[in-house]
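Have a look at the structure below before the remarks.
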Amino acid sequence: MKIKIFAMIGFIFVLVLASLVYLTQMQTYARNDNATNTPPKLVNAEPMEMVLIPAGDFQMGCDPDHDAGYACHDDELPLHTVFVSEYFIDKYEVTNEQMAAFLNKRNSNICHGFDCIDMNDPHARLSWNGSYYTVEDGYNHHPVVEVTWYGADIYCSENGKRLPTEAEWEKAAHGKSVQAYPWGDQLPDCSLANFYDFFGSGEFCAGDTKPIGSYPKGASPYGVEDMAGNVWEWVSDSYSSDYYSVSPYYNPHGAMTNKFMVMRGGSFDNKDDTLRTFDRNHHFRLFSSHFNGFRCAVEAESDEYKD
Ligand SMILES: [Ca+2]
Ligand SMILES: [Ca+2]
């Protein structure tokens, strides 16, 4: 009898041990699978035309002392401290030429099962000539427009990058402390950004997109350009109007609503207030317009606190 019990206990012990070994193996495989799906980390190499934003705290949201005279909107409050790890962000918006190269490389305008770009819209500067995607004359270096969130997301991931989070976008736009615009608190004019100067001259600066990098005077404290105006930019976060009251301190990734995605920075077609570095817009993922584009970001080497 005793021998039978010992045999039984021994059998159960071996079974449990085997299960543990099996589960550990599976977890290792799962981790490896995930590892192949994440963009490559860039170690000590500055990617072309990207800007390194150091790890550390910054103030996110609207500061009434730096609101450019527009009262803070509810969804920009409360002003709160956020930590973001070190990352690279594109210095410029993604251009028509870059988007055409992406579509030609994959020979498809389908992203996540939907249009990457709304080419049925006459405002799209890209078209299919029967053999490949082409850019309208003169628009190669203008930011791509009519991009869906799906198109922006796949473009970044297939280039080894990803969309910036809303927090990353905002830190790159105004630096550690809040200023109303990338260049400071001074109201915009047509030497600083491409926008609708309704409250100044009463006119559009260009009434259309301008080539990327046309406003170096309007660069952010980190040297990132066109964060105010030219085109609105998709980020990776879902939108929620009260997210700032529940946002985590460490690398926030947005609300779990998944209904609307956040868009930032205003456009050539918008007034001063939408150009504020903390202004928040949102649209369905399939939304596409003559005034919306994007830029990408990517992880840098470490989480170290550097500043
Ligand atoms: Ca922009
Ligand atoms: Ca459209």
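Among the residues of the stretch 194-211, at least one is more than 15 Å from ligand 1 (Cβ to nearest atom), in the same structural domain as Ala300 (by TED's automatic domain parsing), of a type in the set (Ser, Thr, Tyr) and free of Cβ contacts under 8 Å to residues at least 40 places away in the same chain.
Every listed requirement among (1) in contact with an Asp or Glu (Cβ under 7 Å, 6 or more places away or on another chain); (2) surrounded by fewer than 16 Cβ atoms within 10 Å (Cβ to Cβ) is met by Gly207 save one, (1).
Scan the stretch 260-278 residue by residue and report those that are within 16 Å of ligand 2 (Cβ to nearest atom), among the aliphatic types (A, V, I, L, M) and out of contact with any helix residue (DSSP H, G or I) (no Cβ under 6 Å at 6 or more places or on another chain). Selection gives Met263 alone. Selection of the stretch 94-145 for residues being within 16 Å of ligand 1 (Cβ to nearest atom) and assigned to a strand (DSSP E or B) yields Thr95, Pro143.
Within the stretch 146-167, the set of residues being assigned to a helix (DSSP H, G or I), of a type in the set (Gly, Ala, Ser), away from ligand 1 (no atom under 16 Å from the Cβ) and closer than 19 Å to Glu49 by Cβ comprises Ser157 only. Take the stretch 237-256 and flag every residue that is in a loop (DSSP other than H, G, I, E, B) and surrounded by 19 or more Cβ atoms within 10 Å (Cβ to Cβ). Hits for the stretch 237-256 are Tyr239, Ser240, Ser247, Pro252, Gly254.
Condition check ((1) within 16 Å of ligand 2 (Cβ to nearest atom); (2) in the same structural domain as Met99 (by TED's automatic domain parsing); (3) part of a helix (DSSP H, G or I); (4) surrounded by fewer than 19 Cβ atoms within 10 Å (Cβ to Cβ)) across all residues:
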{"residue": "Pro221", "(1), (2), (3), (4)": "no, yes, no, yes"}
{"residue": "Val235", "(1), (2), (3), (4)": "no, yes, no, no"}
{"residue": "Asn258", "(1), (2), (3), (4)": "no, yes, no, yes"}
{"residue": "Leu286", "(1), (2), (3), (4)": "yes, yes, no, yes"}
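Just one of the listed residues (Asp272, Asp279) is assigned by TED's automatic domain parsing to the domain that holds Asp57, within 16 Å of ligand 1 (Cβ to nearest atom), touching a His at 6+ places or on another chain (Cβ under 8 Å) and touching a residue at least 24 places away in the same chain (Cβ under 8 Å), namely Asp279. Could you figure out which of (1) part of a loop (DSSP other than H, G, I, E, B); (2) within 16 Å of ligand 2 (Cβ to nearest atom); (3) under 23 Å from Ser241 (Cα atoms) isn't true of Ser177? The one condition Ser177 does not meet is (2).
Of Trp128, Trp149, Trp169, Trp183, all but one fail to be in the same structural domain as Val84 (by TED's automatic domain parsing) and over 23 Å from the mean Cα position of the chain (by Cα); the exception is Trp128. Given the condition within 12 Å of ligand 1 (Cβ to nearest atom), more than 14 Å from Leu163 (Cβ to Cβ) and not β-branched (Val, Ile, Thr), answer yes or no: does some residue in the stretch 229-238 qualify? Yes - at least one qualifying residue is present in the stretch 229-238. Just one residue in the set Ala219, Ala255 is more than 21 Å from Ser288 (Cα to Cα) and away from ligand 1 (no atom under 13 Å from the Cβ); that residue is Ala255. All of Ser288, Ser267 fail the test of being within 12 Å of ligand 1 (Cβ to nearest atom), touching a strand residue (DSSP E or B) at 6+ places or on another chain (Cβ under 8 Å), at pLDDT 95 or above and of a type in the set (Ser, Thr, Tyr), apart from Ser267.
The values are calculated or read from the model by the stated rules, or taken from the named source; none is laboratory data. What you see is a predicted model, and the numbers here were worked out from it, not measured in a lab. All Cβ positions, even for glycine, are placed from backbone atoms using ideal geometry, and neighbour counts span all protein chains on display.
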